[in-house]
Ligand SMILES: [Ca+2]
């Protein structure tokens with residue numbers, strides 16, 4: 001009998017309404033309500049007795065919106081006063097379904113953290129997404145603000161917890177980087193043990209974007225503590241990716257001082273169309289998807305799109321070609337040293353999400369919001385460089401920071417540490433941004449703890465991600481493979497998603513169930529050879545000539561989904577090879 005099966009033995013079974021569909025694997029369609037040793041409302045600071053943990057509330061919530069009846073517990077760990085005199089804590093919530101499947105999901109979130117996103121357990125952290133949230137599958141889920149409250153006007157504008165004011169405080173930096181997860185993981189397991197009377201049989205961590213970064217950092221630092229990790233579009237080397245942000249601005253300013261005007265939607269549609277003309281067929285079928293992204297970079301040449309005469313919708317100006325070529329080569333210093341990574345051309349570059357990240361325009365109703373032009377600038381200034389630089393926080397100041405970022409003098413500050421005077425006060429920063437933000441083995445990945453524990457990690461990454469280059473994940477996977485003597489696929493696999501932007505959207509099959517895949521791998525030893533992707537129900541960027549029922553296999557890098565004959569809308573007509 002499986003471990004989950006043992007958990008269920010001898011108790012009445014009920015079906016959960018949210019368990020409609022399922023991939024193959026052990027994801028339970030039925031989980032049990034069994035007697036709890038303690039009532040939800042009795043989970044208090046006193047009854048839990050965890051050092052430095054205070055519980056603010058605990059109460060049962062009814063089943064609603066496809067989510068099961070749960071015990072919702074809110075609390076905080078490590079309350080303290082920061083070096084800036086402000087109150088800090090690791091605020092968290094847990095949702096403990098009354099019918100539990102024996103598993104723990106540590107949900108890690110996007111943006112700059114700073115808010116307790118509901119602990120629903122969507123592996124993409126796009127709540128109410130078309131998939132099955134972990135909570136609805138019976139997982140106990142934890143979510144946190146990672147140690148700072150990001151509620152300031154800039155955050156409110158973005159709704160992403162984007163504030164960076166915490167960055168003067170060294171402990172808040174560490175909590176955001178890695179220490180919050182290290183602190184809260186064991187607390188989550190202890191609360192589970194108290195409520196259910198037994199420890200979780202299996203533990204997972206999942207997130208996208210900054211949440212993907214959290215998962216990759218934890219896979220290195222805490223790879224022995226979770227059975228499986230899901231890292232989507234991971235910003236695992238985020239300080240370097242943020243330097244790209246300044247590099248993009250300075251590149252696109254060569255076209256127009258207002259970077260929002262540097263590339264029109266029709267310019268980007270042209271680039272995507274031409275990339276498809278060159279690359280779509282490389283995988284065996286012209287279906288609007290570039291599955292062989294690596295080969296594409298050898299046959300697509302942006303310079304071929306240069307206008308012979310006047311600029312029209314059918315060509316790019318010389319300045320546009322030069323600027324985008326420069327941007328896609330990645331940031332360099334005056335010695336020619338690469339400061340991040342290069343970028344692939346792909347069929348999804350036409351979409352709104354790409355424009356949002358690259359030229360700060362494209363997602364209604366934010367198109368005309370001046371704050372959008374500066375997203376990420378506050379993070380680079382305050383969090384990812386040391387000492388922290390605090391701009392005035394208005395769009396002009398933030399844009400000026402990016403425009404004047406010096407790739408010789410400022411870029412090395414992502415590696416700086418020591419004692420600096422900040423706001424008139426000496427503060428010791430023992431760790432650089434590179435150290436607290438990234439996996440300790442980021443440049444030479446081995447994942448030793450994870451591998452030796454028999455644990456697994458799945459990465460996925462949209463090839464048309466506009467904020468974190470797909471190539472960063474591909475290069476990481478290649479290095480891990482080289483470091484692992486050909487064995488990396490036994491514990492880590494990367495799945496490229498053609499056409500997809502940052503965590504979702506774009507002309508892509510951007511709906512896939514990584515949670516079932518990691519469970520099946522970690523618990524049953526079934527390594528994912530192909531993961532079936534469909535079109536997200538509310539994806540409005542899918543071309544009209546695609547079937548809405550299209551399916552595609554996502555393949556473990558460096559394999560490519562190649563057409564082998566049959567219905568071009570169906571996954572079974574493709575092989576990963
Ligand atoms: Ca194709």
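Throughout, read-outs are computed from the coordinates displayed, never taken from laboratory work. If you're wondering where the values come from, they're calculated on a predicted model, not measured in any experiment. Cβ coordinates were reconstructed from backbone atoms using ideal geometry, including for glycine residues, and neighbour counts include every protein chain displayed.
Points to keep in mind about this one:
- Stokes-Einstein diffusion for the range 200-349, with the hydrodynamic radius set to the Kirkwood value over Cα pairs and evaluated at 25 °C in a medium of 0.890 mPa s, equals 139 µm²/s.
- Rg/Rh (Cα only; Kirkwood hydrodynamic radius) as it applies to the range 440-506: 1.01
- Rounded to 5, percent antiparallel among DSSP beta bridges of the chain: 65 percent
- Per-peptide average of other Cβ atoms within 10 Å, ordering 90-98, 517-525, 533-541 highest first: 90-98, 517-525, 533-541
- Segment residue 453-residue 47, extension gain: residue separation times 0.36 nm, minus the distance between their alpha carbons: 142.9 nm
- Each principal axis of the Cα cloud of the range 471-568 was taken in turn, and the coordinate range along them, longest first, works out to 45, 30, 28 Å.
- The peptide list 405-414, 497-506, put in order of mean Cβ contacts within 10 Å with the highest first, becomes 497-506, 405-414.
- The equivalent ellipsoid that matches the C-alpha gyration tensor of the range 530-571 spans semi-axes of 20, 13, 8 angstrom, in descending order.
- Of the two radii for the range 240-435, the radius of gyration is 1.03 times the Kirkwood radius, both from the alpha carbons; that is the Rg over Rh value.
- Alpha-carbon geometry of the chain: the Rg and the Dmax are 23.5, 78 Å, given in that order.
- The sum of -39500 (n - 2.57) across all DSSP H runs of n ≥ 4, divided by the residue count of the chain, sets its helix-only mean residue ellipticity at 222 nm to -7500 deg cm²/dmol.
- Taking every alpha-carbon pair under 8 Å whose residues sit at least 6 apart, the range 240-435 reaches a relative contact order of 22 percent.
- Mean Cβ count within 10 Å, highest first, over the residues of peptides 215-221, 276-282: 215-221, 276-282
- Measuring how big the range 402-520 is from its alpha-carbon positions, Rg and Dmax come out at 18.5, 54 Å.
- The chain, relative contact order in percent, only Cα pairs under 8 angstrom and at least six apart counted: 13 percent
- Distance in nm between pseudo-label sites at residue 526 and residue 548 (7 Å out along the Cβ direction from Cα): 2.9 nm
- Scattering curve values for the range 265-307, log₁₀ I(q)/I(0), Debye with Cα scatterers, q = 0.20, 0.21, 0.22, 0.27 Å⁻¹: -0.58, -0.63, -0.68, -0.94
- Distance in nm between pseudo-label sites at residue 570 and residue 333 (7 Å out along the Cβ direction from Cα): 5.6 nm
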